[in-house]
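**Q** This is the structure I want to talk about, given as structure tokens.
The values are calculated or read from the model by the stated rules, or taken from the named source; none is laboratory data. The model shown is predicted, which means the values in this text are computed figures rather than measured ones. Methodologically, a virtual Cβ is constructed for each residue, glycine included, from the backbone with ideal geometry; neighbour enumeration extends over all protein chains shown. Ligands, DNA and RNA are excluded from the accessible area calculation, which covers all protein heavy atoms including side chains. Shrake-Rupley method; radii C 1.70, N 1.55, O 1.52, S 1.80 Å.
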Amino acid sequence: MDLYEIRGGLLDVIAEEAEHQESTMADGGGRATRGVSTFQRFSVDTNESLCFEPCEDSLPSPTGAQDGLEDVFKEGETESEIVKIKNRLQGKVTEMENFASHLEEIFLTVEENFGRQEQHLEQHYNDVLQTLSQRYDDRAAGLEEEKKGKLEALYKQLLACGQAMDASKQLIETAQEVYRGQDKRPFLKAVMPAIKRIEEFAKEQVDLTLSTSLEFNTPLADLSDVKTMMDSINVVPAPSAPVINPQMPNSATQTSLRVCWSLFSDDTVEYYELYYRPVLEDTPADSSCAPLVSKVQVKETHCAVTDLMPNAQYELWVTATNTTGISPASEKTLYMTVPSPPVIKQRECTSCPEAALIRWESGNTNPVDSYTVELSEMGTDGTESGIAESVVAVPTCRCLIQLQTGRRYLISVRAVNIGGPSGGSEVITVSTTGTFFHLLEDTAHPCLSISEDGFTMFYGDKELPISAMALDDNNTFTRHKYEFLHNGLSPDLRITVNPVRIGVALDYERGTLSFFNVDLEQHLHTFQCHFRNYVHPCFGLDNPGVLTVHNSIEAPEYSLV
């Protein structure tokens, strides 16, 4: 069979039925079976070569070549289905891998949380034991002091009793010696004072009570703080480290950031503390010169940080706090504020009847991701028509915009980064009635001066009035020679009337550059050239004077002839 134009390529290969078919055999039921062809499946490579692969247990079609062609397309459909199923399986495998990774993160978080609870319980246990031990030591020291005081008091009282007993014993012995004597008169003299002393002693009431109590004071120990510590064991553990979410698009302004974060588990949190500081590229390694860290305390998992610098990077991290303690700090994440509005270089902007080239400066220290050019058409009364368009994702500080002929547009530019778009730049007006450009001061000769609006150049005395420099009242010649130089050739052209305003008309597609006397609508000369690249106008002054460029003017009818 012949195959042509398989997968877009022309094949000059003729695939014939294989001659290796076995003879027809009849089975017991009278049915006939055919031999199996060795080569039945083939495919086309990218280099338009035909490849055959062996296919087992495939029966040839009874209809011949047409069925063989159908087998090819069925085989292609089968391969397509296999590819689809393979892609779906790969997607499922990717989902399962992501789910397994998520489960692993949860497992690690739970394990870390239980480890932290175990450390928390052990710390409470040690604190309670230390407190009880301290209370025991303090109570034992108090009992020892009380015991010492009581023993000292009893010892002093015992000494006093012993001294009284010694004095009485001495008195008795003295009385006995006097009594045993032969002369009773000394005894009588001595006994009378003793009797008086005994009478006086008998009159006195002797205090025989102990000077100190033998019982010890045993007040109840204040273990309220221990009870508090024991109760705190059942309190939830300190939170795990939060995770700051990546910065979302359009989540910032020039001076503020909206930051969001989350927790891996259902931790109990009373408040969060968000820390942030600017990232400065020229900051030295010395930590003393590092930017100051600011802090904001909130109860939600989001926060708006204000009073920031435009188009600046900030480093942020967050901690969570509850009654038990403070979580570890999250990993530091970078956020960016919105850039400052760009500055359009109006003098470097140009336009033509069908397009405009807009140039601007970023106005930001850090680079931005892209720019957006916004334009709206102006009505005939000079007001904005309300029809707005945007050119997005402009990578550089210039953009060529396709416009409609004979219209006026209001154009502004915004800078965009991950935080969002900046405010709009100052609006400029662009007209497509003709080509619009400014004289470039950077390319001007040092002897030339460019006016502030960029449309007039001076050569000579700057204080001379423009009217005096532009017009010459004494023109003494009746014929004026003008040179039109191109490729080294200059036609001999003389003009009777000195033109004050010269019109320049460029037809890029037709390849013509024409010059006219505007006041007389007189054609002066036309160049023929095949333009291939951009065309840049250039003007010069050979003598002191002034030249003013009027651009963005619609070409008059006489210039189109």
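**Q** For the stretch 504-551, rounded, prolate or oblate, judged on the Cα gyration tensor with a ≥ b ≥ c (square roots of eigenvalues), a/c < 1.5 rounded, else prolate if a/b > b/c?
**A** In terms of gyration-tensor shape, oblate.
**Q** Could you report the stretch 295-439's accessible area per residue, 1.4 Å probe, as an integer in Å²?
**A** 49
**Q** How do Phe516, Phe531 stack up against each other in accessible area, from largest to smallest, with a 1.4 angstrom probe?
**A** My answer, sorted largest first, is Phe531, Phe516.
**Q** So for Thr268, Thr323, what's the accessible-area order with a 1.4 Å probe, most first?
**A** Sorted by accessible area, descending: Thr323, Thr268.
**Q** Follow-up question, since we're still on this one. Going 7 Å from the Cα of Gln404 along its beta-carbon direction, which residues of the stretch 370-393 have the amide nitrogen within less than 18 Å of the resulting point?
**A** Residues 374-391 qualify, since their backbone N sits under 18 Å from the label point.
**Q** Also, I was wondering about something else. Which parts of the stretch 131-161 would a label at Arg197 reach, counting a residue when its backbone N lies under 19 Å from a point 7 Å out along Cα-to-Cβ?
**A** Counting only backbone N, you get 160-161.
**Q** Could you give the distance between the Cα centres of the stretch 349-422 and the stretch 99-151, to the whole Å?
**A** Centre-to-centre distance over Cα atoms comes out at 68 Å.
**Q** May I have the pair-distance distribution P(r) for the stretch 378-443, computed from all Cα-Cα distances with 10 Å bins from 0 and rounded to whole percent?
**A** 15, 44, 32, 9
**Q** What list of ³J(HN,Hα) values in whole Hz, one per residue of the stretch 84-89 in order, does the Karplus curve 6.51 cos²θ - 1.76 cosθ + 1.60 (θ = phi - 60°) give from phi, with Gly and Pro shown as x?
**A** 4, 5, 4, 5, 5, 4
**Q** In percent, how large is the relative contact order of the stretch 243-362, given Cα pairs closer than 8 Å and 6 or more residues apart?
**A** That works out to 29 percent.
**Q** Oh, and also: Rank these by accessible area, largest first, 1.4 Å probe: Leu334, Leu489, Leu316.
**A** Accessible-area ranking of Leu334, Leu489, Leu316, largest first: Leu489, Leu334, Leu316.
**Q** Leaving out ligands, DNA and RNA, what percent of the accessible area of the stretch 330-424 is carbon and sulfur, probe 1.4 Å?
**A** Solvent-exposed carbon and sulfur of the stretch 330-424 make up 50 percent of the total.
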